[in-house]
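Asks: One structure, pasted below without further comment.
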Amino acid sequence: MSEVIVEEIELLEVLEVAEQGPPGPPGASESSPVMAYVGGVLARVDYASGSYKLMTYTSGLLTQVDYVRGSATARKTLTYNPDGSLASVTESNL
């Protein structure tokens, strides 16, 4: 028999509802993700195309996601309020 772990579910407040942006070009979606965890948190996702995402955490909070496709890197930087709620997400191309 398998052991089932039940975690407490936290109620999250919706900060903003926005329309989804336009879809990417045909064939732009990634396939066959392989996820790597370090210390119980998602650290990297590798795709069949050779692209990958690297996650950075600070004090247990996700603070940066780098999406590397060939020689291009798109970075999302996440900041948090003192109470730990998400304050902002900024995007840049490196």
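Asks: Can you name the condition, by its number, that ILE5 falls short on among (1) at pLDDT below 95; (2) in a strand (DSSP E or B)?
Replies: Exception for ILE5: condition (2).
Asks: Still on this structure: Being out of contact with any Leu (no Cβ under 9 Å at 6 or more places or on another chain) and of a type in the set (Lys, Arg) is the filter here; which residues of the range 65-75 pass it?
Replies: Across the range 65-75, the qualifying residue is only ARG69.
Asks: Run VAL65 past the list (1) under 19 Å from ALA36 (Cα atoms); (2) part of a loop (DSSP other than H, G, I, E, B) and report the number of the one that doesn't hold.
Replies: All conditions pass for VAL65, except number (2).
Asks: Give me the pairs: first residue in the range 69-88 and under 17 Å from TYR47 (Cβ atoms), second residue among the aromatic types (Phe, Trp, Tyr) and surrounded by 10 or more Cβ atoms within 10 Å (Cβ to Cβ), beta-carbon distance under 6 Å, and six or more apart or on different chains, which are they?
Replies: Close Cβ pairs (under 6 Å, with a partner that is among the aromatic types (Phe, Trp, Tyr) and surrounded by 10 or more Cβ atoms within 10 Å (Cβ to Cβ)) amount to ALA74/TYR67.
The values are calculated or read from the model by the stated rules, or taken from the named source; none is laboratory data. Just so it is clear, the model here is predicted, and its values are computed rather than measured. FYI the Cβ positions are ideal-geometry reconstructions off the backbone, even for glycines, and counts take in every protein chain you see.
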